[in-house]
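S.K.: Encoded as C-alpha cells, here's the structure I'll be asking about.
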C-alpha cells in the first residue's frame with residue numbers, strides 16, 4: 001500500500017520543539033513537536049489506523065518566507081509529499097522590528113517569494129495538495145501596534161495564493177479572534193504570536209476539518 005506523506009512547514013508556531021534527530025533517515029510520525037502538527041497527526045493516526053499515513057514536521061523557529069524557500073528542496077520536495085501544509089509570515093514582520101539589525105521581508109517580496117515557492121512545488125509535484133494557513137497575531141505581548149496592518153496584508157496574500165493555487169485555506173486569524181469571545185486572548189496565545197496548548201488545539205481542529213476532503 002502506498003504511503004501518504006503529509007508535510008508541515010513553517011516557523012516556530014509549527015516547530016514547537018520538534019525533534020531534529022529524525023531527519024537523516026526521515027522516519028515519520030516521530031518527534032513532531034508540541035504543537036498543532038502533532039495534534040493533527042495523533043488524531044488522524046488514531047482515526048485512520050488502517051491507512052498508511054506518514055507525518056513530518058520540518059518547521060524551523062525564526063524562519064521567514066525567504067528562509068523557507070532556501071531550504072524547500074531539501075526539507076520538503078525531496079520527501080515527495082502528497083499534502084504540504086504551510087504557515088509562514090509573522091517573522092517576516094517581526095524581524096524588521098529588531099532595532100540593531102532589522103531583517104524583515106517586505107510585503108510585496110513576501111508575496112513574490114511565496115508565489116515562486118508554490119510555482120516550484122507545482123512544477124515538481126503537480127499532484128500535490130496544498131494547505132495554506134494564514135499568519136496571525138493578537139495585539140498584546142510581543143506584538144507591536146504597527147504589525148497589525150502589515151499582517152493583515154500578508155493574510156490577504158495567503159488567501160489570494162490559496163485561490164490561485166487551488167489550496168485549502170485555513171483562516172487562523174478569524175479562528176483565534178472568534179475564540180477570544182469565549183476566553184481571553186492570553187488563553188489562546190502566550191505572547192500574541194505563539195499559541196498555548198489550547199490555541200494549538202484550535203488550529204489542529206480547524207486543520208482536520210478543512211482538510212477532510214484531502215484524505
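The values are calculated or read from the model by the stated rules, or taken from the named source; none is laboratory data. Keep in mind that this is a model prediction, so the values were computed, not measured. Counting neighbours? That spans all protein chains shown, and the Cβs are built from the backbone with ideal geometry, glycine included.
S.K.: So for the stretch 48-62 (the condition being farther than 19 Å from residue 213 by Cβ and assigned to a helix (DSSP H, G or I)), does at least one residue qualify?
M.R.: The answer is no, given that none of the residues of the stretch 48-62 is farther than 19 Å from residue 213 by Cβ and assigned to a helix (DSSP H, G or I).
S.K.: Right, next: Run down 68, 45 and say which single residue is more than 17 Å from the chain's Cα centre (by Cα), surrounded by 15 or more Cβ atoms within 10 Å (Cβ to Cβ) and in a helix (DSSP H, G or I). I'd like the intermediate steps shown before the answer.
M.R.: Working: 68 fails: more than 17 Å from the chain's Cα centre (by Cα).
The conditions single out 45.
S.K.: Another question, then. One residue is enough: does the stretch 83-91 have a residue meeting the conditions in a helix (DSSP H, G or I) and buried (at least 22 other Cβ atoms within 10 Å of the Cβ)? Talk me through it step by step, then tell me what you get.
M.R.: Going through the stretch 83-91, the residues in a helix (DSSP H, G or I) turn out to be 90-91.
Checking which are buried (at least 22 other Cβ atoms within 10 Å of the Cβ) leaves us with 90-91.
For the stretch 83-91, residues in a helix (DSSP H, G or I) and buried (at least 22 other Cβ atoms within 10 Å of the Cβ): present.
S.K.: crowded, with 17+ Cβ neighbours inside 10 Å and at positive phi - does that describe any residue in the stretch 170-193?
M.R.: yes
S.K.: Then there is this: Can you give me the number of residues within the stretch 96-120 that are over 17 Å from residue 69 (Cα atoms) and either part of a helix (DSSP H, G or I) or within 20 Å of the chain's Cα centre (by Cα) (or both)?
M.R.: 2
S.K.: For residues in the stretch 121-155 being under 15 Å from the mean Cα position of the chain (by Cα) and in a loop (DSSP other than H, G, I, E, B), which is farthest from residue 8 (Cα to Cα)?
M.R.: Per the criteria, the residue is 137.
S.K.: Oh, and also: Quick one: how many residues across the stretch 113-140 are surrounded by 14 or more Cβ atoms within 10 Å (Cβ to Cβ) and without any contact (Cβ under 8 Å) to a residue 12 or more places away in the chain?
M.R.: Residues flagged as surrounded by 14 or more Cβ atoms within 10 Å (Cβ to Cβ) and without any contact (Cβ under 8 Å) to a residue 12 or more places away in the chain within the stretch 113-140 amount to 0.
S.K.: Which condition number does residue 158 fail, the rest of (1) crowded, with 17+ Cβ neighbours inside 10 Å; (2) in contact with a helix residue (DSSP H, G or I) (Cβ under 7 Å, 6 or more places away or on another chain); (3) part of a helix (DSSP H, G or I) being met?
M.R.: (2)
S.K.: Right, something else. Does residue 203 satisfy being within 26 Å of residue 4 (Cβ to Cβ) and either part of a helix (DSSP H, G or I) or modelled with pLDDT of 95 or more (or both)?
M.R.: yes
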